[in-house]
Amino acid sequence: MTGTRAGWGFVAPALIWTLAFFVLPFAVMGAMSLATLDGRTLVWGLSLSNYAELAEKAYLWRAVVVSLEITLTVTALSVLLAYPLAWIIAYRVPERWQRLALLLAILPFWTSYVVRSYAWLLVLSREGVVNQALIGLGLTAEPVTLANTRLATVTGFVHFFVMLLTLTIYANLRQLSPNYRRAAMDLGANAVQTFRHVILPLTLPGIVTGAFLTFVLCIGDYITPQILGGNTELTVPQVIMVQLGRRADFPLASALALVLMALVTLAYLAGARWLRVDRL
Amino acid sequence: MSRAIPWAYLALMFGFIYLPVGALVLFSFQDGTLPVPPFEGPSLRWYADVLGDEDLTAALLNSLLVAVGSSAVAVTLGFLAAYGLARFVLPGAALLRALLIAPMTVSYLIVGLGLLIVIQRIGLPLSLLTAGIGHAVINLPLAFAIIYASMGGQQQNAERAARDLGAGEIAVLRLVTVPMLAPAILAAFFLSVTLSWDEFIVAFLLTRFDVTLPVEIWSMLRSGLSPRLNAIGSVVFLISVAAVVLAELLVFRRRR
């Protein structure tokens, strides 16, 4: 019995911290989403009007659609680009260079998040490197608008998540015993068949876990769309920040935050069959 | 021909990965006032400009303070909880673990928004302290998970031996558990520091007058492209890479 009590003593600080600074704020935010604003005064209550606003106001609904479109595009593109890269590093690069190749492939991951988005703005701007290259190659006479578009947002996101996914997929591929590949080859499977029927199914849990992580981080991000997307179309986090700033509409912001959580939960349920949260 | 395809792909992807960082660092040495081609220079004027900027250096020190402080809290609480859950049989242990990990599954924006609402209700002023609390909340699950995962039977045997030899609970922790878990604790600490150092949204929502570096850089961004931003961005990149290399040398070399 004393053992149990001592155990609680060790867990208590972290537990109290999490309850006070995570669970309580979360509950208050939930209550806030059911409150309303009367002019500038907050009226607590059990009103669903903030959620109703989501259905009524086109720009709120549009933000949900934009967020989902961007996030799904980014997740799909990142997996498709990262998988071959991880594959090449794991199976083509000689053993002794692998660690270095992997380290180099994810080094820019450690650039500051804000700075990385700024760097893409620099590259994609009208006078930037990409436009100069396009003009130099004679592909276009006039600079193309690349910055402040959805394309720029997606590019910035994909750059970040390709590095993240390369790391997780590489770890997955290395965990596979080479015997599986050898056995498949011995039994007459060619490279494509080996991949489709052996490697892909075995690495699927890792891919889904990485894709889920990408989804969660991407849909909740404010910086990348704010810096790179311009203000032509807003994502949910951007709309939340607008509510907090200019209008100080905390009830609506809270309701939108909970909608964001609901989307993440849906994504989790969609991938639950393959997800290994303990590997995150 | 087909043998060359993987290498071409590798080169292409490395080009994509290094394009923004390359442009960032190259044009930080720009001699003109716009960080776009043609490149003039190299010049160190923007570095001198940035290092002489008091707002920026203050923000840099603030960031270090918040990163180290919040990571120390997160790692200490995470270690104690991991020890409690790994060594004692507690009712509802699975639920407790899930609760401690939960903040990891929620967007930083939502964690920050919840804290902001509560802090404003209580009437507490926004400061580096509130930003530090926010960072400790988002880093605690990570620290807990890393340390908990590395608590094995091997240490437990050593702990039992120490207890048999008459060591008290605190002495066991201090002389056996912590030293044996040092790699995991250090890894958790460094990861936590790098994440906090780089974190924007929670720091943006929870600070007011004294801000951290990402928030300061954010406000500089409003005035558009400038080699000053390239210079400070390159400095931040260098510091992060140094932290990663240090962590690699300290933590991962030791395992060999």
query: Quick check: is even one residue across segment A:123-130 at pLDDT below 90, open to solvent by 30 Å² or more (accessible area, probe 1.4 Å) and not in a helix (DSSP H, G or I)?
result: yes
message: Against the definition (open to solvent by 10 Å² or more (accessible area, probe 1.4 Å), without any contact (Cβ under 8 Å) to a residue 60 or more places away in the chain and closer than 19 Å to B:TYR108 by Cα), how does A:LEU266 come out, yes or no?
response: yes
- prompt: For segment B:24-39, does any single residue satisfy the condition of being over 14 Å from B:ARG228 (Cα atoms), touching a residue at least 12 places away in the same chain (Cβ under 8 Å) and open to solvent by 20 Å² or more (accessible area, probe 1.4 Å)?
  reply: yes
task: Could you grab me the full set of residues in segment B:128-154 that are assigned to a helix (DSSP H, G or I), under 19 Å from A:GLY9 (Cβ atoms) and open to solvent by 10 Å² or more (accessible area, probe 1.4 Å)?
output: B:TYR148
- line: Subset of segment A:232-242, residues among the polar types (S, T, N, Q) and away from chain B (no Cβ under 13 Å), comes to A:THR232
message: Condition first: charged (D, E, K, R) and either in a helix (DSSP H, G or I) or open to solvent by 30 Å² or more (accessible area, probe 1.4 Å) (or both). Now tell me which residues in segment A:186-222 satisfy that.
response: A:ASP186, A:ARG196
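Yes or no, residue by residue, for (1) touching a Lys or Arg at 6+ places or on another chain (Cβ under 8 Å); (2) surrounded by 17 or more Cβ atoms within 10 Å (Cβ to Cβ); (3) in a helix (DSSP H, G or I):
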{"residue": "A:LEU42", "(1), (2), (3)": "no, no, no"}
{"residue": "A:ASN50", "(1), (2), (3)": "no, yes, yes"}
{"residue": "A:ALA55", "(1), (2), (3)": "no, no, yes"}
{"residue": "A:TRP61", "(1), (2), (3)": "no, no, yes"}
{"residue": "A:VAL65", "(1), (2), (3)": "no, no, yes"}
{"residue": "A:LEU72", "(1), (2), (3)": "no, no, yes"}
{"residue": "A:SER78", "(1), (2), (3)": "no, yes, yes"}
- request: Would you tally the residues in segment B:87-101 being open to solvent by 30 Å² or more (accessible area, probe 1.4 Å), within 13 Å of A:THR18 (Cα to Cα) and touching a residue at least 24 places away in the same chain (Cβ under 8 Å)?
  value: 2
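Yes or no, residue by residue, for (1) free of Cβ contacts under 8 Å to residues at least 24 places away in the same chain; (2) within 14 Å of chain B (Cβ to nearest Cβ); (3) hydroxyl-bearing (Ser, Thr, Tyr); (4) out of contact with any Ser or Thr (no Cβ under 9 Å at 6 or more places or on another chain):
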site: A:LEU164; (1), (2), (3), (4): no, yes, no, no
site: A:LEU176; (1), (2), (3), (4): no, no, no, no
site: A:ASN179; (1), (2), (3), (4): yes, no, no, yes
site: A:THR209; (1), (2), (3), (4): no, yes, yes, no
site: A:THR224; (1), (2), (3), (4): no, yes, yes, no
site: A:ILE227; (1), (2), (3), (4): no, yes, no, no
site: A:LEU260; (1), (2), (3), (4): no, yes, no, no
In segment B:164-204, residue farthest from the chain's Cα centre (by Cα) [restricted to those that are part of a loop (DSSP other than H, G, I, E, B) and buried (at least 18 other Cβ atoms within 10 Å of the Cβ)]: B:LEU181
- prompt: Quick check: anything in segment B:168-180 touching a Leu at 6+ places or on another chain (Cβ under 8 Å) and in contact (Cβ under 8 Å) with a residue 40 or more places away in the chain?
  reply: no
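The values are calculated or read from the model by the stated rules, or taken from the named source; none is laboratory data. Note that the coordinates shown come from a computational prediction; the quantities given were computed from them, not determined experimentally. Note that we place each Cβ from the backbone using ideal geometry, even for glycine, and neighbour counts take in every protein chain shown. Surface areas here come from the heavy atoms of the whole protein model, side chains and all, with no ligands, DNA or RNA. Shrake-Rupley method; radii C 1.70, N 1.55, O 1.52, S 1.80 Å.
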